Structures are given as structure tokens and as C-alpha cells.
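Structure record follows, encoded as C-alpha cells.
The values are calculated or read from the model by the stated rules, or taken from the named source; none is laboratory data. The structure presented is a predicted model; accordingly, all values stated were derived computationally and were not measured. Cβ placement follows ideal geometry from the backbone for every residue including glycine, while neighbour counts extend to all protein chains displayed. Accessible surface areas use protein heavy atoms only, side chains included; no ligands, DNA or RNA. Shrake-Rupley method; radii C 1.70, N 1.55, O 1.52, S 1.80 Å.
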Amino acid sequence: LTSYVGFASLPKQWHRKSMKRGFNLNLMVVGQSGLGKSTLINTLFNKELYPIENDGLETAEQLEEVSEVTIETASSDIVENGVKLHLTVVDTPGFGDCINNIDAWKPIVEEIENRFNIFLEAETRINRTTIVDNRIHALLYFIEPTGHSLTALDIQFLKRVHEKVNLIPVIAKSDTLTEEEIYGFKQRILEDIRNQHIKIFEPPQYEDLDDEESLQITKEMISKIPFAIVGSTQKVQTADGRTVRGRSYPWGVIEVDNDDHCDFIKLRQLLIRDFMEDLKEHTAKVLYENYRTEKLLKTGI
Ligand code: GDP
């Protein structure tokens with residue numbers, strides 16, 4: 001059974017030095033409660049980073065209690081084949097759950113910018129060799145599986161953050177939609193993203209560096225965005241007797257780690273195996289740099 005996360009498989013862009021030091025990845029997750037954020041994180045890293053509320057059916061009273069978005073951070077070291085990944089997940093409970101969601105983006109943008117500011121301050125000190133990179137490297141945005149298109153809240157939020165973070169939109173709980181529904185839903189989401197000029201992270205295609213096969217893998221990955229996700233840490237039996245991570249239905253099993261059933265593997269490959277370094281580099285060289293330039297201009301330094 002897969003207990004595999006994938007960062008220790010020595011992909012091409014990682015140097016031996018970083019293999020020895022280990023990696024760090026700071027991931028933010030945003031989306032209404034109950035969309036499977038904690039489950040997906042546990043599934044991705046094959047670890048109980050988050051306790052899952054059992055039925056996930058938040059009662060009306062519980063939802064009403066939420067009056068603002070809060071920021072919760074969980075860190076964990078994951079070791080695979082002797083290589084260490086220091087993972088930080090920043091969760092944003094309350095997003096989309098308030099009676100008034102107009103300002104839901106604010107604490108999230110503040111958190112991203114605050115992490116930029118801390119980095120900026122550290123950079124301006126004399127001893128810069130020990131800077132820890134706490135900047136957010138990617139933001140997983142969970143889209144409710146309605147089958148329609150993006151909501152006003154989705155669009156408003158995405159526009160607030162798209163120039164500050166690598167956005168990775170995912171369709172939550174895609175096992176609740178049919179294949180055709182997912183197909184149409186993806187087209188409409190992409191249309192909204194284009195029309196609203198929202199920038200999402202696109203895996204770079206290095207025509208000159210990559211071989212045909214890697215380019216093909218990247219192209220296929222891109223063609224699946226926004227990834228339709230199923231999360232589950234439960235082991236279930238398939239009809240042909242395999243034990244897999246999945247969700248069991250009267251009509252059969254939806255497998256997490258199966259490209260024919262959902263895009264979970266694609267998401268994991270993007271985040272962990274193929275493009276972790278690119279996410280971090282884009283954060284440092286583009287998103288952070290833009291923020292820094294703007295800030296220095298504003299303060300007149
Ligand atoms: P969060 O509030 O966004 O962190 O959501 P949780 O991860 O706590 O999940 C809420 C409920 O949805 C739980 O009962 C999960 O078992 C269930 N769930 C999580 N992921 C999926 C999924 O991909 N498909 C389905 N059908 N249910 C899911």
C-alpha cells in the first residue's frame with residue numbers, strides 16, 4: 001500500500017546538497033469548512049497532521065459561531081528514505097463560513113504579507129546566512145463541487161491573493177460529481193479565471209532542459225488544472241481485491257491514488273515531486289520581489 005509521499009525520489013531539479021539538508025515547504029489551505037482540507041493534507045503527506053471531525057456535517061449553530069477567519073499553523077517533519085521535509089501548513093478556518101464574507105480575504109492576505117515582511121526584515125540584517133524561509137510557497141484553494149462555476153466569493157478572494165502567492169485551485173470532493181460534470185465544471189472555472197485575469201500557478205515547461213517525456217508529463221499535468229481531488233486516508237478493498245486509499249460507495253470504490261479516478265496524483269506530483277523548487281523560486285524571485293519593490297517605493301527608501 002502506498003505510504004509514499006514522493007520527495008525523496010531524487011527528481012532532476014534537486015541537488016545533492018538540498019537532499020542532505022532537507023526541504024521546507026510552507027503551504028496554505030483556503031476553502032469553506034467541510035470541503036476536505038484537513039483530509040487532503042493528511043492524504044498528501046500520509047500523516048495525521050490534522051484530526052478529522054468525523055461526519056464533517058457542521059451544524060448550523062456551529063457555523064453561526066464563526067465570526068471571523070483565523071490563522072492556524074501546524075508543522076511537521078516528514079522523513080522519507082532518509083530525506084527530511086519540514087512541512088508547515090497554514091490553515092484558515094472560518095473562510096466562507098461567516099455570515100458576511102466580504103472581508104474574509106483580509107486576514108489571509110495579512111498573513112502572507114506578514115511573512116514577506118519578516119523575511120524582508122531578516123534580509124536587511126547583517127547576518128543573512130541563517131534566514132529561515134517562512135514565506136507561503138503555495139496556496140491550495142478549495143472550490144466547492146457545485147458543478148456550476150466560480151462564486152463571487154471565489155473570484156473576489158482569488159483576485160486579492162493571486163499576485164502574492166502561487167495559486168493552485170482544486171475542486172474539492174470531486175467524487176460527488178460525475179466525470180462529465182467535472183469536465184464542464186473545469187472548463188467554466190478556467191473561463192472565469194481567464195476572464196477575471198486571475199493568475200494561477202502554471203508548471204513551467206523547460207523546452208530546452210526537459211526531455212520529451214518530462215515535457216509530456218508536465219503538459220498532461222497542466223491539462224488537468226484545476227485538479228479534481230478526492231482525499232481519504234482510509235484503506236478500502238476494491239472489487240478485484242486490492243487494498244487502496246479511497247472512498248467506498250455502494251456502487252464501488254473511488255481510489256485516491258489512481259489517475260483514472262481523480263487528479264490527486266497530479267497534485268502531489270506538482271507540489272512535491274516535480275515543482276516544489278519552482279514554487280519556491282517563483283515565490284522568492286517574483287512574488288516576494290514585487291512585494292518588496294512596492295513596499296520600498298511606498299516607504300520611500
Ligand atoms: P475541512 O473542514 O475542509 O478540513 O474538511 P475535513 O477534511 O474535516 O472533511 C470534512 C468531511 O468531508 C469529513 O467527513 C471527510 O471524511 C469528508 N471528506 C474529505 N475529503 C473528501 C472527499 O474527497 N470526498 C468526500 N466525499 N468526502 C470527503
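Computed quantities for the displayed model
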quantity	calculated
Convex hull projection area averaged over all views, region 112-168, Cα basis, nm²	4.6 nm²
Whole-number D in µm²/s for region 180-301 (Stokes-Einstein; Kirkwood sum over Cα pairs; 20 °C, 1.002 mPa s)	123 µm²/s
Heavy-atom SASA rank of His137, His261 (probe 1.4 Å, accessible area, largest first)	His261, His137
Summed residue charge, Cβ within 10 Å of Val89's Cβ, Lys/Arg positive, Asp/Glu negative	-1
Total formal charge among the other residues, if their Cβ is under 14 angstrom from that of Thr176, Lys/Arg +1 and Asp/Glu -1	-3
Set of aspartates and glutamates with alpha-carbon distance to Lys186 below 19 Å, sequence-local pairs under 8 removed	Glu144, Asp154, Asp175, Glu202, Glu220, Asp259, Asp260, Asp263
Percent carbon-and-sulfur accessible area, the chain, ignoring ligands, DNA and RNA, probe 1.4 Å	49 percent
Entries of Lys106/Lys224; Lys47/Lys235; Lys47/Lys159 with Cα pairs more than 23 Å apart	Lys106/Lys224; Lys47/Lys159
Under 19 Å from Lys285, Cα to Cα: lysines that are on another chain or at least 8 residues apart	Lys164, Lys199, Lys295
Ratio of the Cα radius of gyration of the chain to 2.2 N^0.38 Å, where N counts its residues	1.01
Shape parameters for region 141-238, alpha-carbon atoms, Rg then Dmax in Å	15.2, 44
